[in-house]
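Please treat every number below as a calculation from the coordinates, not as lab data. Keep in mind that this is a model prediction, so the values were computed, not measured. Neighbour counts are summed over all protein chains in view; Cβ atoms, including those assigned to glycine, are modelled from backbone coordinates with ideal geometry.
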Amino acid sequence: MGLKENEMKVVFGLVVLALLTRLLPHPPNFAPITSIALFTGFHFANKRWALFLPLACMFLSDLYLGIHSLIPVIYSAFALISCIGFKAKSLSIMTVLGASTSFFILSNLGVWYFYYPLNWGGLISCFVLAIPFFINSLAGDLFYTSVLQFSFKKLNQSSLSFN
C-alpha cells in the first residue's frame, strides 16, 4: 500500500525539518527526531513508515555528522518512541515526557556502558552529567511536537475546506 499525495508531503516535510535542524546550529539535543518518531507512530497508518522515517532522518544526518558507537542504542530508543506513539491515546505533554524520559534513560545507559566505569559511581556520574542534555531534549521535544501537531491540524483543516 503506497502513501497518498498528502502523506508524501508530510513525509517530505518531516525529513527536511529533521535534516535542517540537525545540521544547522542548535542547542545540544534540541532536535525534532523524538517528536517525529512520536508523530509518525501516532498518525501514520503504515507502521513500517512510522518506524523507518525517524531512523532514516537520523541516518542521513549521521552520514554528515559522523557515525558513532552509540548508533544501535540511539536508533533503538527512537524505534521504541515510535512504538510509544503507536500506543498513545493522544500526543499529550505526558506522552512527550514519557518519550523524552525513555530516550534519556536508554541513551545514557548506552553512554555509561561505552564511556564510563561500569559501577554505581560511573552510572550516577553519567546520569547526573546528562541532566542539562535532558532539559534541552525535553524542551525540544515539547516544542517540535507542538509544532508538528499544530501544523498537522492546520493542514487537515485546510484540506477539508478545499474538498
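Give me the residue from segment 71-120 that is in contact (Cβ under 8 Å) with a residue 60 or more places away in the chain and within 17 Å of Leu53 (Cβ to Cβ) and, out of that set, surrounded by the fewest Cβ atoms within 10 Å (Cβ to Cβ). The selected residue is Phe103. Criterion first (among the hydroxyl-bearing types (Ser, Thr, Tyr), under 27 Å from Trp112 (Cβ atoms) and part of a helix (DSSP H, G or I)) does Ser82 satisfy it? When the stated conditions are applied, Ser82 passes them. On inspection, Leu55 does not qualify as over 17 Å from the mean Cα position of the chain (by Cα) and closer than 23 Å to Val11 by Cα.
Of the set (1) among the β-branched types (Val, Ile, Thr); (2) more than 19 Å from Phe150 (Cβ to Cβ); (3) in contact with a Pro (Cβ under 9 Å, 6 or more places away or on another chain), all apply to Thr21 but (2). For Phe133, the requirement of being more than 30 Å from Asn46 (Cβ to Cβ) and either among the small types (Gly, Ala, Ser) or crowded, with 16+ Cβ neighbours inside 10 Å (or both) is met. The set of residues in segment 30-59 being within 18 Å of Ile84 (Cβ to Cβ), in contact (Cβ under 8 Å) with a residue 40 or more places away in the chain and not in a helix (DSSP H, G or I) consists of Ala31, Pro32, Asn46. Look at (1) in contact with a helix residue (DSSP H, G or I) (Cβ under 7 Å, 6 or more places away or on another chain); (2) loosely packed, with under 15 Cβ neighbours inside 10 Å; (3) not in a helix (DSSP H, G or I) and you find that Tyr64 fails only one, number (3).
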